[in-house]
Amino acid sequence: MLDIQYIRDHAQTVKDAAKHKNRDVDIDTILDLDEQKHSLMLSSQKLREERNKISSTHPPANEDIKRGKIMKEELKKLESDLKKIEKELHDLLLHVPNVPLDEVPIGKDASANKELKKWGTIPTFDFEPKDHITLGKQLDIIDLERGSKISGFRGYFLKNEAAVLHMALLFYAYTKLIKKGFTPFVAPTIVKSFALFGSGHFPWGGEQDVYSLNDDDSYLAGTAEIPLTAYHSGEVLQEHDLPKRYVGFSPCYRREAGAYGKDTKGLYRVHEFWKIEQVVIGKNDLEEARRIHEELQANAEELLQDIKLPYRQMLMCTGEMGEPQLKKYDTETWMPSRNAYGETMSNSIMGDFQARRLNLRYKTKEGKNEYCYTYNNTAVASPRLLIAIFENYQQKDGSIQIPDVLVPLTGFNIIQKKSSL
RNA sequence: GGUGGGGUGUCGGAGUGGCCUAACGAGCUGGUCUUGAAAACCAGUAUCCCGGCAACGGGAUCGCGAGUUCGAAUCUCGCCCCCACCGCCA
């Protein structure tokens, strides 16, 4: 959510930003409603002022009661008009995307993204490398057939070493971030709609990508960003406690409604996965924002470097950004079967966009209340990252080596064909 | 899921239709006193919105929403949450 004052002062900027994010917003209607709201507020305030004056003398005179009755009706009318306008305005404001920072490239689609950095050496194989689906089947570590039999489209079982490696990978990232001072969380995946509105996942038609539990007001979160960003909603934090660095573990659920034909094979795009997520709540300060963004980026890259997976860092263009974001880096990891990098992490500055929706504030040293800035970046999204490990670490004999740093956690250093198969 | 109790400011806690402009207490901030500190005393101490350069003035908020009333923290209805006990349960 943008500050209405900001929209008043920068109407054209906001219009352009929406256009660059491939969004349609009616700023003129917003400004018009804002004006209507203002004048209705003034009238109703004046009326209340008079009412308060009258009812402060008591017992009231007969003519005051009469006047009071009339005012009551007037006020009722004004208030219901005001409420209607406010709701209309609020609904429209919820649809205004955040304005990207200046350094964000303007563009419609992925072709305008900017590659900022590459790390690692793309592996060359002296044999025909297999994709993770084939590897998974041959080594009996991924079962997609029974996955879809039991769970449905995009369902999967991780099995044997893959199941263990999966936990090891998540735990490796978790403890690494805890050592860096992040507060560990196991976050709820069942969330109320306000949290989804707050994070900016609702409403833009994004509702169709979120599982609803048909039960009161319960949804399955697609990322721990949602519960963790909402964690302090409605609170006023203290400036000296910021920034708060949180690392959350949670299952993640996504309907992938708009991606029916996309990435249909294997573990790349699934409805159910697990994630270690970095979430930071900081103060309203753009300079700090850029610093924290880089810090979260460095954390993610460090993980990939530990595991020795080649990756590249992308600066995402306006058309590839989500509505709440000021600036976004994607980190893409090399996946031999795609012969390309595939997104494994996504790192965003949200500014005060989410904080406004969540009423998440902090008290400055001067005693003023300000909206916080929020950030999030993936640490590990599993099983997507397993694809990269399996495919990059495969050996000529069809086995898969385990990255050194994970061996203490898995208890094995190679995944080999089971003798019974 | 059932029954009962409850939700008031930073905290404790009073308040059952109109001086509630929310008592009282605690905390916190500043001041007086003091060599310093404590105590005592004095003053201040919520949020959001509107108008104003500001001082300030006005409005709203007693879990949330609707209603009754000239007037609601207080009465009515709905909802949410918390606590206790019972039931079920990994």
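The values are calculated or read from the model by the stated rules, or taken from the named source; none is laboratory data. Keep in mind the model is a prediction, meaning the values are calculated, not measured. Don't worry about glycine lacking a Cβ; one is built from the backbone with ideal geometry, like all the others, and counts go over all protein chains shown.
Here is a list: A:Arg356, A:Arg338. Which entry is under 24 Å from A:Glu320 (Cα atoms), touching a Phe, Trp or Tyr at 6+ places or on another chain (Cβ under 9 Å) and within 16 Å of RNA strand B (Cβ to nearest atom)?
On the way: A:Arg338 fails: within 16 Å of RNA strand B (Cβ to nearest atom).
Going through A:Arg356, A:Arg338 in turn, the sole match is A:Arg356.
When region A:78-124 is examined, which residues are found to be surrounded by 14 or more Cβ atoms within 10 Å (Cβ to Cβ), part of a helix (DSSP H, G or I) and hydrophobic (A, V, I, L, M, F, W, C)?
Within region A:78-124, A:Leu78, A:Leu82, A:Ile85, A:Leu89, A:Leu92, A:Leu93, A:Ala112 qualify.
Among the numbered conditions (1) in contact with an Asp or Glu (Cβ under 6 Å, 6 or more places away or on another chain); (2) under 24 Å from A:His132 (Cβ atoms); (3) not in a strand (DSSP E or B), tell me where A:Gly319 comes up short.
Among (1) in contact with an Asp or Glu (Cβ under 6 Å, 6 or more places away or on another chain); (2) under 24 Å from A:His132 (Cβ atoms); (3) not in a strand (DSSP E or B), A:Gly319 violates only (2).
From the set of residues in region A:209-239 that are within 15 Å of the chain's Cα centre (by Cα) and among the polar types (S, T, N, Q), which is nearest to RNA strand B (Cβ to nearest atom)?
If we take residues in region A:209-239 being within 15 Å of the chain's Cα centre (by Cα) and among the polar types (S, T, N, Q), then A:Thr229 is nearest to RNA strand B (Cβ to nearest atom).
Within the bounds of region A:3-15, is there any residue that is free of Cβ contacts under 8 Å to residues at least 40 places away in the same chain, within 25 Å of the chain's Cα centre (by Cα) and away from RNA strand B (no atom under 13 Å from the Cβ)?
Step one: of region A:3-15, the residues free of Cβ contacts under 8 Å to residues at least 40 places away in the same chain are A:5-6, A:8-9, A:11-12, A:15.
Those still in the list that are within 25 Å of the chain's Cα centre (by Cα) too: A:6, A:15.
Next cut, away from RNA strand B (no atom under 13 Å from the Cβ) only: A:15.
Looking for residues that are free of Cβ contacts under 8 Å to residues at least 40 places away in the same chain, within 25 Å of the chain's Cα centre (by Cα) and away from RNA strand B (no atom under 13 Å from the Cβ), one finds at least one in region A:3-15, hence yes.
Between A:Tyr329, A:Tyr311, A:Tyr375, which is modelled with pLDDT of 95 or more, among the aromatic types (Phe, Trp, Tyr) and within 26 Å of A:Leu135 (Cβ to Cβ)? Reasoning before the result, please.
Numbers: A:Tyr329 fails: within 26 Å of A:Leu135 (Cβ to Cβ); A:Tyr375 fails: within 26 Å of A:Leu135 (Cβ to Cβ).
Testing whether each residue is modelled with pLDDT of 95 or more, among the aromatic types (Phe, Trp, Tyr) and within 26 Å of A:Leu135 (Cβ to Cβ) leaves just A:Tyr311.
Given A:Leu31, A:Leu75, which one is under 20 Å from A:Ile7 (Cα atoms), touching a residue at least 12 places away in the same chain (Cβ under 8 Å), of a type in the set (A, V, I, L, M, F, W, C) and in a helix (DSSP H, G or I)? Spell out the reasoning first.
On the way: A:Leu75 fails: under 20 Å from A:Ile7 (Cα atoms).
Residue meeting the stated conditions: A:Leu31.
Has region A:39-55 got at least one residue that is over 29 Å from A:Asn359 (Cβ atoms), of a type in the set (S, T, N, Q), out of contact with any His (no Cβ under 7 Å at 6 or more places or on another chain) and not assigned by TED's automatic domain parsing to the domain that holds A:Gly200?
Yes, because at least one residue in region A:39-55 is over 29 Å from A:Asn359 (Cβ atoms), of a type in the set (S, T, N, Q), out of contact with any His (no Cβ under 7 Å at 6 or more places or on another chain) and not assigned by TED's automatic domain parsing to the domain that holds A:Gly200.
List the residue pairs whose Cβ atoms are under 9 Å apart, where the first residue sits in region A:337-353 and is within 23 Å of A:Thr124 (Cβ to Cβ) and in contact (Cβ under 8 Å) with a residue 60 or more places away in the chain, the second is assigned to a strand (DSSP E or B) and acidic (Asp, Glu), and the two are 6 or more positions apart or on different chains.
Taking only residues 6 or more apart or on different chains, the pairs are A:Gly342/A:Glu332.
Does A:Gln36 fit the bill of being out of contact with any Asp or Glu (no Cβ under 6 Å at 6 or more places or on another chain), near RNA strand B (Cβ under 10 Å from one of its atoms) and modelled with pLDDT of 85 or more? Don't jump to the end; show me each part of the working.
Values: out of contact with any Asp or Glu (no Cβ under 6 Å at 6 or more places or on another chain): yes; near RNA strand B (Cβ under 10 Å from one of its atoms): no; modelled with pLDDT of 85 or more: yes.
So A:Gln36 does not fit the description; no.
Given the criteria buried (at least 21 other Cβ atoms within 10 Å of the Cβ), in contact (Cβ under 8 Å) with a residue 40 or more places away in the chain and closer than 26 Å to A:Phe197 by Cβ, does A:Leu296 qualify?
Values: buried (at least 21 other Cβ atoms within 10 Å of the Cβ): yes; in contact (Cβ under 8 Å) with a residue 40 or more places away in the chain: yes; closer than 26 Å to A:Phe197 by Cβ: yes.
Against the criterion (buried (at least 21 other Cβ atoms within 10 Å of the Cβ), in contact (Cβ under 8 Å) with a residue 40 or more places away in the chain and closer than 26 Å to A:Phe197 by Cβ), A:Leu296 qualifies.
Cβ contacts < 6 Å: first residue modelled with pLDDT under 90, restricted to region A:167-193; second residue of a type in the set (Ser, Thr, Tyr) and not in a strand (DSSP E or B), any location; separation 6+ or different chain. Result?
The qualifying pairs are A:Ile190/A:Ser218.
Taking the residues in region A:61-101 that are touching a helix residue (DSSP H, G or I) at 6+ places or on another chain (Cβ under 7 Å) and within 10 Å of RNA strand B (Cβ to nearest atom) as candidates, determine which candidate is farthest from A:Arg8 (Cα to Cα).
A:Asp64
Mind listing just one residue for me: the one in region A:148-161 that is crowded, with 20+ Cβ neighbours inside 10 Å and closer than 14 Å to A:Gly266 by Cα and, of those, nearest to the chain's Cα centre (by Cα)? Spell out the reasoning first.
Start the filter on region A:148-161 by keeping residues that are crowded, with 20+ Cβ neighbours inside 10 Å, which leaves A:154, A:156, A:158, A:161.
Still in the running and closer than 14 Å to A:Gly266 by Cα: A:154, A:156, A:158.
Numbers: A:Arg154: 22, A:Tyr156: 24, A:Leu158: 26 Å.
Filtering region A:148-161 for residues that are crowded, with 20+ Cβ neighbours inside 10 Å and closer than 14 Å to A:Gly266 by Cα, the one nearest to the chain's Cα centre (by Cα) comes out as A:Arg154.
For region A:382-421, which residues satisfy the criterion of being small (Gly, Ala, Ser), modelled with pLDDT of 95 or more and buried (at least 22 other Cβ atoms within 10 Å of the Cβ)?
A:Ala388
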